[in-house]
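Here's the structure, in structure tokens; my notes come after.
The values are calculated or read from the model by the stated rules, or taken from the named source; none is laboratory data. Predicted model, so just to flag it, every value in this text is computed and none were measured. All Cβ positions, even for glycine, are placed from backbone atoms using ideal geometry, and neighbour counts span all protein chains on display. These area figures cover heavy atoms from the full protein model, side chains too; ligands, DNA and RNA do not enter into them. Shrake-Rupley method; radii C 1.70, N 1.55, O 1.52, S 1.80 Å.
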Amino acid sequence: TASAPEAAAARSLSDRAYFRIRELIVSLDLAPGSLISERELMERLELGRTPVREALRVLARERLVEVYPRRGMFVSRVDVGDLAGLSEVRATLESHAARLAAERATEAERTETDALLAALDVSAAHDERSLIDLDQRLHRHVYRCAHNPFLEATLNEYYMLTLRIWFLVLNRVVRLGDAIQEHRDLLEAIRDRDPARAEDVMRRHVEGFEQAVRRVL
């Protein structure tokens, strides 16, 4: 059996493979519906077969990869019809997570909230792709501050599925100003320990995104 350090190293490689492949799928770098080649991923990521295979297994559970016996593995297709269902779940769960974050964030996490506010000011003049990167950081921060690992894991999964739809319409959705203001309001509510405001802003943020995407579909 593997020693604890060996097991930790293997886990680290699998995690690295998971995050890299997930990024390729979510950003549409690996096209929806395309056949996945384990060997090409191994070469591209410079990782062995085991971590790549383990990462793909997790991504299949998260519905980003589809496995067909005797046919192979494919990047799951993006169905914009999923947007309503995803938004319905996220509006409920993420607004609750924002409320919990405002109540439970530690002092260190509130300091991190201030750092995100500063990053928001810097990114205000940037493009939609920069906004996506910041949006990811912000949502993950809120999930962590809620201090509920089950809620965090669920929301990360739904967020990734939504993010693929955003990439699909990236050049047509213009929400920069609204989103930045919502981000600012949300972070300030968490920093100021205002659960009701944090919950309300997050709900409006999720619903506003859905409406923006619907306008261009």
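Once fully extended, how much extra length lies between residue 170 and residue 136, figured as 0.36 nm per residue of separation less the alpha-carbon to alpha-carbon distance?
Separation in residues times 0.36 nm, less the Cα-Cα distance, equals 10.8 nm.
Add +1 for every Lys or Arg and -1 for every Asp or Glu among the other residues with Cβ under 14 Å from the Cβ of residue 89, and state the total.
-3
With the dipole of the chain worked out from charges on the C-beta (+1 for Lys and Arg, -1 for Asp and Glu) around the Cα centre, which of 141, 201, 52 lies farthest toward the positive end?
52
With a cut-off of 8 Å between alpha carbons and a minimum separation of six or more residues, what is the relative contact order of the chain in percent?
25 percent
Using a 1.4 Å probe, what is the accessible area per residue for the chain, in Å²?
51 Å²
What percent do you get for the relative contact order of segment 102-217 when only Cα pairs under 8 Å and 6+ apart count?
Relative contact order for segment 102-217 comes out at 40 percent.
Filter the GluC sites (Glu not before Pro) in segment 35-76 to those in DSSP coil with at most 10 other Cβ atoms within 10 Å of their Cβ, and list the result.
46
Treat each spin label as a single point 7 Å out from the Cα along the C-beta direction, and report the residue 53 to residue 216 distance in nm.
The two pseudo-label positions are separated by 4.0 nm.
Can you give me the three principal axis dimensions of segment 44-106 from its C-alpha atoms, in Å, biggest first?
Between the extreme Cα coordinates on each principal axis of segment 44-106 lie 47, 34, 19 Å.
To the nearest 20 Debye, how big is the dipole of segment 24-72 about its Cα centre, given +1 on the beta carbon of each Lys and Arg and -1 on that of each Asp and Glu?
Dipole size: approximately 280 debye.
To the nearest µm²/s, what D does Stokes-Einstein give for the chain at 20 °C and 1.002 mPa s, using the Kirkwood radius over alpha carbon pairs as Rh?
It diffuses with D of about 116 µm²/s by this estimate.
I want the local charge near residue 79. Using Cβ-Cβ distances under 11 Å, sum +1 for each Lys or Arg and -1 for each Asp or Glu among the other residues.
+2
Given a Förster distance of 41 Å, report the FRET efficiency between residue 29 and residue 192 from their Cβ-Cβ distance, rounded to the nearest 0.05.
Taking R0 as 41 Å, the efficiency between residue 29 and residue 192 is 0.60.
Would you calculate the separation in nanometres between label points at residue 150 and residue 37, each defined as 7 Å from the Cα along the Cα-to-beta-carbon direction?
Computed distance between label sites residue 150 and residue 37 equals 4.3 nm.
Does segment 1-119 come out rounded, prolate or oblate by the C-alpha gyration tensor, with a ≥ b ≥ c the root eigenvalues, rounded set by a/c under 1.5 and, if not, prolate when a/b is larger than b/c and oblate if not?
oblate
Helix 128-145 versus the longest principal axis of the chain: what angle, 0 to 90°, nearest 10, using Cα atoms?
It works out to around 80 degrees.
Around residue 197, under 13 Å between beta carbons, what's the net of Lys plus Arg minus Asp minus Glu among the other residues?
Overall, the nearby charge balance is -2.
With no solvent and one point per C-alpha, what does the Debye sum give as log10 I(q)/I(0) for segment 106-217 at q = 0.14, 0.15, 0.20 Å⁻¹?
Rounded to two decimals, the profile gives -0.56, -0.64, -1.16.
Report the paramagnetic label zone for residue 80: residues of segment 153-174 whose backbone N is under 12 Å from a point 7 Å from Cα along the Cα-to-Cβ axis.
165-173
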